[in-house]
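Computed from the coordinates by the stated procedures, all read-outs in this text should not be read as laboratory data. Because the structure is predicted, anything quoted here is derived from the model rather than measured. A quick note on method: Cβ atoms are made from the backbone with ideal geometry, for glycine too, and the neighbour counts reach across all protein chains shown.
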Amino acid sequence: MEYIQSTLLNLVQQTAFLNLTFGNMIMIFVAFIFLYLAIKKGFEPLLLVPISFGMLLVNIYPDIMLSIEDSSNGVGGLLHYFYLLDEWSILPSLIFMGVGAMTDFGPLIANPKSFLLGAAAQFGIYAAYFLAIFMGFNDKAAAAISIIGGADGPTSIFLAGKLGQTEFMGPIAVAAYSYMALIPLIQPPIMKLLTTKKERSIVMKQLRKVSKVEKIVFPVFVVLFCSLLLPSVAPLLGMLMLGNLLRESGVTERLSDTAQNALCNIVTIMLGTTVGATANGEIFLRVQTIAIVCMGLLAFAFATIGGVLLGKVLCAVTGGKINPLIGSAGVSAVPMAARVSQTVGAKENPTNFLLMHAMGPNVAGVIGSAVAAGFFMLIFG
């Protein structure tokens, strides 16, 4: 009888119910909110579902992220091995290949002014850097945190790994990917606040047709120019432009299809789940971590403001030919930010189609945030 009692007691003690902390319960609640937003509201489910499920798993069973060094038998947790691919910058680079294969750079080539809007939206990155310095973070940590301002999850992880800021990689990645997914909630109020109804109703002229030669030359030229200028950015931009060249060359359909579908989906599952799994309540709910998440939100707001304000300037300079809403798409979240510009514009004028115009600043933002990361690596790497 005593043996049965001790066995039952041991079984009860082994359950997660007795090991849940208050921090774990908070993060499980956050995971449920993210799942609701992803499934019910449709807020970027391809990102939020893996992130929220990883968050759920690690707060029920923390050992799923157990490192090899902390393991008693030399075997780490399942998601720890996936997370190593984040630290080694493998998954972020592969994600960029998939993004490149899915992205049409035609709107950017057809309207080079989009580069300016993409650059203006990077204001959030530098605002976050100085804000982080002001709050007491060192240079490298501030640089890693700053990329959240570009709403660029892969680049955030890439830079944190390259600068040796792995202790902050979890909160940086969670903040960056969460804000990418929550763009439909965050950006519209700022866009409406900074623009008038008349500006939001502006209908832009159809973009010129971009030739096949231009689309093939563009990725080669960009990777050549940027990599010579900032060699450290070659892994990210190289994979982005390789993916795009596979798409545009016309002779690698199978490789392009794999990059933008099977490969990108597999990497998204692995990356999203491990990003969520860094949000262990015992580790995540600290003053520094919460400060990073808050700074990320402010930085993202500044990025949106910078893009929209330059959009207003270009609108005035061109005599009302540019809708300022497309400036908000200058952040790196492709194509989420462009879709938000389209949605907000269509509410004011249902006949307005801004999506392709917004894709120009959107893809320029991807290049811009990668260049910003390369600049930080050049200084602090």
Distance between modelled label sites at Leu224 and Asn261, nm, 7 Å Cα→Cβ extension: 3.3 nm
All-pairs Cα distance distribution in the range 133-187, expressed in whole percent, bin size 5 Å: 4, 24, 31, 21, 12, 7, 1
Calculated over the range 189-277: convex hull of Cα atoms, volume per residue (Å³): 194 Å³
Across Lys41/Lys209; Lys212/Lys312; Lys113/Lys198, pairs whose alpha-carbon gap is larger than 25 Å: Lys41/Lys209; Lys212/Lys312
All-pairs Cα distance distribution in the range 211-335, expressed in whole percent, bin size 5 Å: 2, 9, 10, 12, 14, 19, 16, 10, 6, 2, 0
Sites matching chymotrypsin sites (Phe, Trp or Tyr not before Pro) across the range 83-137 that sit in DSSP coil, with at most 13 neighbouring C-beta atoms within 10 Å: Trp88
In degrees, nearest ten, helix 336-348 long axis to first principal axis of the chain (Cα): 60 degrees
Cα coordinate range in the range 288-381, projected on the principal axes (Å, largest first): 47, 28, 22
Neighbour cut-off at most 15 other Cβ (10 Å), DSSP loop, chymotrypsin sites (Phe, Trp or Tyr not before Pro), the range 319-381: Phe353
Rough spin-label spacing in nm, given labels placed 7 Å along Cα→Cβ, for Met25 and Ala346: 4.3 nm
q = 0.07, 0.13 Å⁻¹, the chain: log10 I(q)/I(0) [Debye, one scatterer per Cα]: -0.32, -1.02
Cα gyration tensor category, rounded, prolate or oblate, for the range 282-340 with a/c compared to 1.5: prolate
Eligible aspartates and glutamates near Lys215 by straight Cα distance, threshold 20 Å, same-chain separation 8 or greater: Asp104, Glu248, Glu253, Asp257
Along principal axes, Cα extents of the range 69-127, largest first, whole Å: 58, 31, 12
Rounded if a/c under 1.5, otherwise prolate or oblate - the range 52-99, Cα gyration tensor axes: oblate
Positive dipole terminus of the range 1-103, leading residue within Tyr81, Ile33, Val58 (C-beta point charges): Ile33
Lysines with Cα under 22 Å of Lys140, excluding same-chain neighbours fewer than 8 positions away: Lys162
Ranking of Lys198, Lys162, Lys321, Lys192 by count of other Cβ atoms within 10 Å, fewest first: Lys198, Lys321, Lys192, Lys162
Rounded FRET efficiency, nearest 0.05, which uses the C-beta distance separating Leu185 from Phe134 and R0 of 35 Å: 0.85
Largest to smallest principal axis extent of the C-alpha atoms in the range 17-56, angstrom: 34, 14, 13
log10 of Debye I(q)/I(0), alpha-carbon scatterers only, for the range 19-178 at 0.21 Å⁻¹: -1.44
Within a Gaussian network of the chain (alpha carbon springs, distance under 10 Å), most fluctuating of Val371, Val287, Val223: Val287
Segment Phe32-Ile216, length gained on full extension (0.36 nm per residue, minus Cα span): 61.8 nm
Formal net charge of residues neighbouring Glu348 (Cβ-Cβ distance under 10 Å; K, R +1; D, E -1): +4
Whole-angstrom gap from the range 128-198 to the range 71-127, using each part's C-alpha centre: 13 Å
Förster-model FRET efficiency, 35 Å R0, Val287 and Leu309, C-beta, rounded to 0.05: 0.60
The chain: angle of helix 212-229 to the longest principal axis, Cα-based, in degrees nearest 10: 60 degrees
